[in-house]
Amino acid sequence: MPAMAAHVPDAAVPARLREQQWSLTRHLRDPEGEPAPEGIEPRRLQVYRELLFNNIEGLLAGNFPVIRRLLADEWPARVRGFYRDHRCQTPLFPEIAREFLRYLEARPDPGRPWLTELAHYEWVELALQISEQREQDVEADPHGDLLDGTPLLSPLAWPLAYQWPVHRIGPDWQPTPAARTPILLLLRRQDDGTVHFSELSPLAYRLLELLGPPGAPSGGQCLQQLALEAGVACDDAFLQQGRLLLEQMRERRVLLGTAP
C-alpha cells in the first residue's frame, strides 16, 4: 500500500495559515528584526519588501515634500520606523498621511520641535483637498446683511493657528525659537481643487472663530464682542471697518452669506 499522508484537522489549517500570514507580515514590516518565514523564495521576499516599502515611502514623500527634503538621508529611516512601529487605525490609503502625522506626534523630535506642526501643515492641505464637504450643501443667503444676519463660514475655509511659522520652514531656513505670537493662517479650497494659504491678522482670525459655531450671533454682535476683547470702542468707524472685512471674506467665499 502507498504511504498515507498525515491527517491534519480542519480546525488547525486556519490557525496555521494565520500564523504564516503573521510571520510574513512581521518580516515585511521589520526585515532586520524578524526572521523570514520558511518556504518562501528569498528573491520573492525581496520583491515584496521593496514593493511595499517603496509604495508607502512614495506616498508619504508626495504628502510631505518639505519634510522629505528637510530630513534628507534620515527620511528612509523615519519612514521605516513608521512602517515598523505604527499601528494604523484605518486601512484607507488616503488616510496614510494622517497616520504618519499621528506617528510623529507620538514621537516628538527634540532637535526639530517644529516638525509635528510642519507635518500637520502639510497634511491639512491633503485633508482639505479630499474633504467631502461641499459649499452647495450649506443653506445660505448669498446677499444677506452680514451685520444684521448670521454670517456662515464656508466648510472649505479652515482657519489654523500654529506656534511655529510652518509656511516658511524649508531646507534653507528653520526657526530656532518659537514665534512670540501665534502664526495664523487660512486655508481655502478653490473650485479647481487647489488649496490656497493666506495669513490672517489676529482680529480676522478671532472674528472667524466667533463666526464659526452653528447658531453663532449676528455679524454685528460678533464685532461688538471683538471690540470688547480688543479693548476698543465699538463705534461707527469700527463697525464700518468690520463690515468691510466681512464683505472681503464674502467676496473670497470664505463666507457664503448669512443664515436664511
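If a spin label sat at a point 7 angstrom from the Cα of D141 along the line to its beta carbon, the backbone N atoms of the range 216-260 nearer than 11 Å would be those of 258-260. Counting beta carbons within 10 Å around each of S218, S131 and listing the fewest first gives the order S131, S218. Among A204, A127, A230, the largest mean-square fluctuation in a Gaussian network model of the chain, built with springs joining Cα atoms closer than 10 Å, belongs to A230.
Mean separation of Cα pairs under 8 Å and 6 or more residues apart, divided by the residue count, gives the chain a relative contact order of 18 percent.
Compactness of the chain is given as radius of gyration and Dmax, 26.2, 106 Å, from Cα positions.
Using only Cα atoms, tell me the angle between helix 115-129 and the longest principal axis of the chain; keep it within 0 to 90° and round to the nearest 10. Roughly 80 degrees, rounded to the nearest 10.
Inter-part distance, the range 183-260 to the range 111-146, computed on C-alpha centroids, equals 15 Å. Just so you know, the Cα atoms of the range 108-214 work out to an Rg and Dmax of 16.1, 51 Å. Sorted fewest first by neighbouring Cβ atoms within 10 angstrom, D137, D148 come out as D137, D148.
Compute the longest continuous run of the chain that contains no exposed trypsin sites (Lys or Arg not before Pro); treat a site as exposed when its DSSP state is not H, G, I, E or B and it has at most 12 other Cβ atoms within 10 Å. Result for the longest clean stretch: 1-86.
Note on the range 173-214: semi-axes of the ellipsoid equivalent to its C-alpha gyration tensor, largest first and rounded to whole Å, are 23, 18, 7. With axes computed from alpha carbons, what is the tilt in degrees of helix 96-105 against the longest principal axis of the chain, rounded to the nearest 10 within 0 to 90? For helix 96-105, the angle is close to 80 degrees. Sorting L211, L52, L160 by the number of Cβ atoms found within 10 Å of their own Cβ, with the fewest placed first, yields L52, L160, L211.
All of the numbers you see were taken from the coordinates with simple rules; none came from a lab. These numbers were taken from a predicted model, which means no experiment stands behind them. All Cβ positions, glycine included, derive from the backbone under ideal geometry; neighbour counts span all protein chains shown.
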